[in-house]
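Contents: one structure, followed by commentary.
Since every read-out is calculated from the coordinates, none of them should be taken as a lab result. Predicted model, so just to flag it, every value in this text is computed and none were measured. Counting neighbours? That spans all protein chains shown, and the Cβs are built from the backbone with ideal geometry, glycine included.
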Amino acid sequence: MSVPRNRLISAHSPVAGLSRRKLPFIPVFAQAVAAVAPAGGMSVVPALVFGTTGTNLVMSFLIAMAVMLLVSSCLRPMAQRMAAVSGLYSYTAKGLGSSAAITAGWSMIFGYGLIAMASLLAVGTYGANILESLWGSAGGGTLVVTLIILAAAALAGLFMVRGIHISAKVTLLVECVSILLLASLLTAYFVLARPHVDLGSLISVNGNIDSLSLGVVVAVSAFVGFESSTTLGGEAQRPFINIPRTIRWTPIVTGVLYLLAVTGQDIALKDAPGFIASSPTPLSDMFSFKTSALMAVMLDVGIAGSFFACTVASVNALARTLFCMGREGVAPAIIGRAHPTFRTPWAAILTAMPIITAVPIVIVLSGVSPEKGLTDLFTLAAYGYLGAYVLACASLPFFLRRIGEGTWFSWALGGLTVGVVAFVVWNAVSLSAQEGNVQAGVYGSLVTLSVLYAQFLRWRSPDLMNEVGIYDETRASDLHHSANSGRKL
């Protein structure tokens with residue numbers, strides 16, 4: 001029986017070439033969780049926040065979690081109506097238009113790329129730490145870190161090109177093992193080390209509000225990536241159900257894990273010697289100092305594994321955003337090619353990976369400490385994500401109004417979320433400028449370039465700008481399998 005043609009059904013998907021409607025819910029959820037890298041974030045980011053603020057560790061994560069839950073609430077309605085392959089880039093295009101979408105797309109690429117760079121740097125740092133613990137000084141040094149980064153990047157690239165099914169299974173397995181290992185080790189630490197516990201100080205706000213705001217921005221970097229499942233709209237089974245479900249639960253699940261971990265680390269770091277808090281691998285040093293070297297090595301294995309999974313998940317999302325830009329003509333057309341056998345955006349992956357690999361290697365070879373490198377990369381990435389979140393959340397009421405579903409609640413939710421995220425960013429930018437940090441300036445330059453590029457494209461090819469925001473449109477075959485066909489925008 002044939003399905004009658006109408007304007008809501010497309011004969012050909014603009015993102016054809018990717019594996020379509022094959023990925024079950026668990027691998028989709030694994031992609032989002034791996035992009036957040038909870039085990040790695042639980043181990044590394046709390047120490048960075050602690051070093052940034054000196055206090056307010058638990059409060060920084062509580063506020064960051066609340067901000068991410070607001071963002072999640074804004075993204076879910078759009079995910080329920082559109083099977084995006086470039087995530088927030090496509091949502092913004094349908095809500096605020098093509099010019100704003102290009103800025104959102106550049107911001108997401110910036111965020112995903114920097115998180116992947118930071119993750120590779122963490123893999124190299126903790127991998128070298130493992131070798132040094134096992135074989136002494138022969139395992140340390142910049143050469144070893146560099147070789148580990150290169151090996152991890154090559155392996156990640158292989159998994160991503162071979163297929164989203166393989167990379168999703170790898171990230172799920174690695175992240176689950178890492179989380180269980182970290183939880184077990186933290187429990188063992190408190191049993192063996194018995195640090196002094198002052199519960200009253202955990203949720204108190206110590207110091208000034210400015211330092212708390214900067215701590216929140218760094219803490220936000222532990223949550224970013226939860227929306228990466230929105231780039232799997234074309235590849236996921238039942239995308240109008242599974243993608244919104246993933247967006248809802250990822251910040252909740254990871255937020256609970258973070259709060260448990262940071263509560264323990266807040267107690268432990270305050271009870272630890274000063275040299276541990278300033279170490280590039282503070283948690284493993286604390287284990288080695290307070291308990292045993294074997295436990296420290298096991299911790300390092302879990303952290304390195306988690307950040308490897310984060311590299312794979314982040315570049316998966318980045319590559320699909322680039323893939324859509326290539327299909328639209330916003331980026332070179334070659335980037336929009338899919339592998340004929342593996343059905344992955346192989347050209348976008350191979351374009352991104354050399355840059356993502358080179359930056360952490362340059363950081364290592366230039367003599368910058370791993371702690372500073374991670375702090376700068378995480379903070380820069382947070383600016384990229386937050387900038388894209390502002391645009392995507394601002395798109396929500398316009399997106400819904402366009403398809404005749406606008407409500408006062410969508411306007412209120414979008415406005416509140418944009419205001420909260422913008423307030424956090426503004427306070428962090430102000431403090432960063434006072435201290436002479438250049439991260440906000442770097443991101444500001446990126447935004448300026450993206451605006452200029454959008455205007456250049458509009459001048460050179462106005463019709464091209466009308467193509468921005470492609471997505472996996474409903475096809476006749478979908479109507480035989482699901483009533484959730486979505487509304488064509």
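For this structure, a couple of remarks:
- Sorted by Cβ neighbour density within 10 Å, fewest at the top, the residues Met68, Met108: Met68, Met108
- Net charge contributed by nearby residues that have their C-beta within less than 15 Å of Thr351 (K/R +1, D/E -1): +3
- Ranked list, fewest to most other Cβ atoms within 10 Å of each Cβ, for Val418, Val364, Val301: Val301, Val418, Val364
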